[in-house]
Amino acid sequence: MEEMKSLDYERQPVPQEERQAWYRLSAVWIAIGIDLSSVLLGVEIGNGLRFGRALAAVFIGSFILAVMSSACAYVGAATGLSTALLTRQLFGEYGAKLISLIIGVSLLGWFGVQTGFFAENAHEVTHTVLGLNWNVQFLAVIGGLLMMTTAIYGYRAIEKLSVVAVPLLVVLIFVAIALAIGRNGWDAVHGRPIHPLPFGTAVSLVIGIFVVGAVISPDISRWARTKGEAILAAFVGFLIGNSFMLVVAILLSKLTDKSNLTEIFIGLGLGIPAIIVLTLAQWTTNTTNLYSSSLGFSVVFTKAAKKWIACIAGLIATLLAYLGIFDHFIAFLSIITTLISPLGGVYVGEYFFVDAARFNFNESKTHKLVFRSVASWIVASAVAFATTPAPGGFGWFTLTTVPALDGFLVAAVIQIGTGLFARRRVVPTSAAKITE
């Protein structure tokens, strides 16, 4: 029994008896959404729009993202497969190794970026509150080693961390909001925008910040007891998880007239809680990056145990943080969204409109390479890159104004079109026997 509980099912479907209730999965997604990059975006939206319009942009963007993630989560729950294993069924054995390697490397790099982000903010807090002058690189190593621990032990450890972290984070943040209102009054939120921002751009930014999380949602939703619970968990988790910290940042920045969360907490006399919020917010988010990265590598390195893959990947990502990959996070974010977001469109389009049976993990025949799936991904990635503004992309044209969403939708359309065309050309076996 203990051996079964230690499994994370990185190379097989999650069995039904191991599935979790929807609210536990929602807690994981909410925890993932509470991170410091959301704070930066929330401040930008708060400074660019009036309070009511800022909230509208957040909730419209989060609603669109919640719908998108629900479709992806449905596929994960229906199949019990991780995102990397879905690619094996869809792209073939060779194609899956390439795609899974890209997922693993991209999210490993993002782990390093977020760890560097944590280190920069942790340095400011510990220096201001505790009078310590710890080296940023030292803090990056400490943060990376801390965040990789839960990823090594898999989903169950992440879920337990989230169940503890989310209520604590919510309480601390509401205390900060109450203190800010008490000091400055509610009228402060109705100030004029400092740097005006188009409403459509704000909605696009809200979608873009968490869209990769939606695409890799099968990594979590495969643990859902039913497809309905997977949809509910994803919808609630992404709607709240993506909007909560954005709304908090908008509120606190307008109430305190500051743009840095750590400065806001310190200014309200919440120095020690600031350290707790900083650590938990990045820990719950970043450990999932490494978790999904290790799931991707598990499809590539089939002989290695996932815990050792997560350990080695975590050490490499921590080294990247130590070397300063944080300074290149905009470029890295562009790469991730361009290459990963089309994957969601490919598997969602195939599952719902072409051939759901392709995702049957027990099928006897496994293709070496599925060219039309690979082609859908390549073309959609190219489109996403073309719609990404320079310097991250070419910026040749715009579709939805969200490059990651462009890649997702284009991939789905191409996959559905080529799949239905290919299906019409195949003569059913039963019909062939009749004609004989």
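Within the stretch 379-422, restricting attention to residues that are among the small types (Gly, Ala, Ser) and in contact with a Lys or Arg (Cβ under 8 Å, 6 or more places away or on another chain), which residue is nearest to residue 215 (Cα to Cα)? Reasoning before the result, please.
In the first step, residues of the stretch 379-422 are kept if they are among the small types (Gly, Ala, Ser); the result is 380-382, 384, 386, 390, 392-393, 395, 404, 407, 411-412, 417, 419, 422.
Checking which are in contact with a Lys or Arg (Cβ under 8 Å, 6 or more places away or on another chain) leaves us with 419, 422.
Details: 419: 20, 422: 25 Å.
This residue is 419.
Restrict the check to the stretch 285-292 and report whether at least one residue is assigned to a helix (DSSP H, G or I) and more than 27 Å from residue 89 (Cα to Cα).
Yes, there is a match, as at least one residue in the stretch 285-292 is assigned to a helix (DSSP H, G or I) and more than 27 Å from residue 89 (Cα to Cα).
Need the failing condition index for residue 306 against (1) modelled with pLDDT of 85 or more; (2) among the charged types (D, E, K, R); (3) within 17 Å of residue 147 (Cβ to Cβ), just the number.
That leaves (1) as the condition not met.
Could you tell me how many of the residues in the stretch 295-306 are in a helix (DSSP H, G or I) and surrounded by fewer than 16 Cβ atoms within 10 Å (Cβ to Cβ)? Talk me through it step by step, then tell me what you get.
First pass over the stretch 295-306, keeping only residues in a helix (DSSP H, G or I): 295-300, 306.
Now restrict to residues that are surrounded by fewer than 16 Cβ atoms within 10 Å (Cβ to Cβ): none.
Result for the stretch 295-306: 0.
Let me confirm something: among 357, 380, which residue is hydrophobic (A, V, I, L, M, F, W, C), under 19 Å from residue 222 (Cα atoms) and free of Cβ contacts under 8 Å to residues at least 60 places away in the same chain?
On the way: 380 fails: under 19 Å from residue 222 (Cα atoms).
Of the residues listed, the single one that is hydrophobic (A, V, I, L, M, F, W, C), under 19 Å from residue 222 (Cα atoms) and free of Cβ contacts under 8 Å to residues at least 60 places away in the same chain is 357.
So is residue 402 β-branched (Val, Ile, Thr), surrounded by fewer than 20 Cβ atoms within 10 Å (Cβ to Cβ) and at pLDDT below 90 or not? Break it down stepwise before answering.
Numbers: β-branched (Val, Ile, Thr): yes; surrounded by fewer than 20 Cβ atoms within 10 Å (Cβ to Cβ): no; at pLDDT below 90: yes.
Taking the combined requirement at face value, the residue does not satisfy it.
Output yes when any residue across the stretch 352-366 is hydroxyl-bearing (Ser, Thr, Tyr) and touching a Pro at 6+ places or on another chain (Cβ under 9 Å), and no when none is. Spell out the reasoning first.
First pass over the stretch 352-366, keeping only residues hydroxyl-bearing (Ser, Thr, Tyr): 364, 366.
After this cut, where a residue has to be touching a Pro at 6+ places or on another chain (Cβ under 9 Å) as well, the list is none.
Scanning the stretch 352-366, I find no residue that is hydroxyl-bearing (Ser, Thr, Tyr) and touching a Pro at 6+ places or on another chain (Cβ under 9 Å), so the answer is no.
Please find, within the stretch 182-197, the residue that is farthest from residue 47 (Cα to Cα) out of those that are among the aliphatic types (A, V, I, L, M) and under 32 Å from the mean Cα position of the chain (by Cα).
The initial filter retains those residues of the stretch 182-197 that are among the aliphatic types (A, V, I, L, M), namely 188-189, 194, 197.
After this cut, where a residue has to be under 32 Å from the mean Cα position of the chain (by Cα) as well, the list is 189, 194, 197.
On the way: 189: 10, 194: 5, 197: 8 Å.
My answer is 189.
Within the stretch 255-271, track down each residue that is farther than 20 Å from residue 168 by Cα and crowded, with 24+ Cβ neighbours inside 10 Å.
255
Return the pair list, or none, for Cβ contacts closer than 6 Å from residues in the stretch 289-308 that are over 19 Å from residue 13 (Cβ atoms) and in contact (Cβ under 8 Å) with a residue 60 or more places away in the chain to residues that are aromatic (Phe, Trp, Tyr) and part of a helix (DSSP H, G or I), at least 6 apart or on different chains.
Partner pairs satisfying both residue conditions: 289/110; 289/111; 290/111.
Out of the residues in the stretch 1-53 that are modelled with pLDDT under 85 and part of a loop (DSSP other than H, G, I, E, B), which is farthest from residue 151 (Cα to Cα)?
Result: 1.
Which residues, taken from the stretch 395-411, are over 19 Å from the mean Cα position of the chain (by Cα) and part of a helix (DSSP H, G or I)?
Of everything in the stretch 395-411, just one residue is over 19 Å from the mean Cα position of the chain (by Cα) and part of a helix (DSSP H, G or I), namely 410.
Of all residues in the stretch 375-394 being among the β-branched types (Val, Ile, Thr) and not in a loop (DSSP other than H, G, I, E, B), which is surrounded by the most Cβ atoms within 10 Å (Cβ to Cβ)? Can you show your working first?
Looking only at the stretch 375-394, we keep the residues that are among the β-branched types (Val, Ile, Thr), and these are 378-379, 383, 387-388.
Those still in the list that are not in a loop (DSSP other than H, G, I, E, B) too: 378-379, 383, 387.
Values: 378: 14, 379: 18, 383: 22, 387: 24.
Here the residue is 387.
Do you know which residues across the stretch 223-243 are among the hydrophobic types (A, V, I, L, M, F, W, C) and more than 21 Å from residue 292 (Cβ to Cβ)?
Filtering the stretch 223-243 for residues among the hydrophobic types (A, V, I, L, M, F, W, C) gives 223-224, 230-236, 238-240.
Across the stretch 223-243, the qualifying residue is only 232.
Mind listing whichever residues of the stretch 143-175 are in contact with a Pro (Cβ under 9 Å, 6 or more places away or on another chain) and either modelled with pLDDT of 85 or more or over 20 Å from residue 241 (Cα atoms) (or both)?
175
Here is a yes/no grid of residues against (1) out of contact with any strand residue (DSSP E or B) (no Cβ under 9 Å at 6 or more places or on another chain); (2) crowded, with 18+ Cβ neighbours inside 10 Å; (3) at positive phi:
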site: 170; (1), (2), (3): yes, no, no
site: 185; (1), (2), (3): yes, no, yes
site: 200; (1), (2), (3): yes, no, no
site: 253; (1), (2), (3): yes, yes, no
site: 273; (1), (2), (3): yes, yes, no
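The values are calculated or read from the model by the stated rules, or taken from the named source; none is laboratory data. Because the structure is predicted, anything quoted here is derived from the model rather than measured. Don't worry about glycine lacking a Cβ; one is built from the backbone with ideal geometry, like all the others, and counts go over all protein chains shown.
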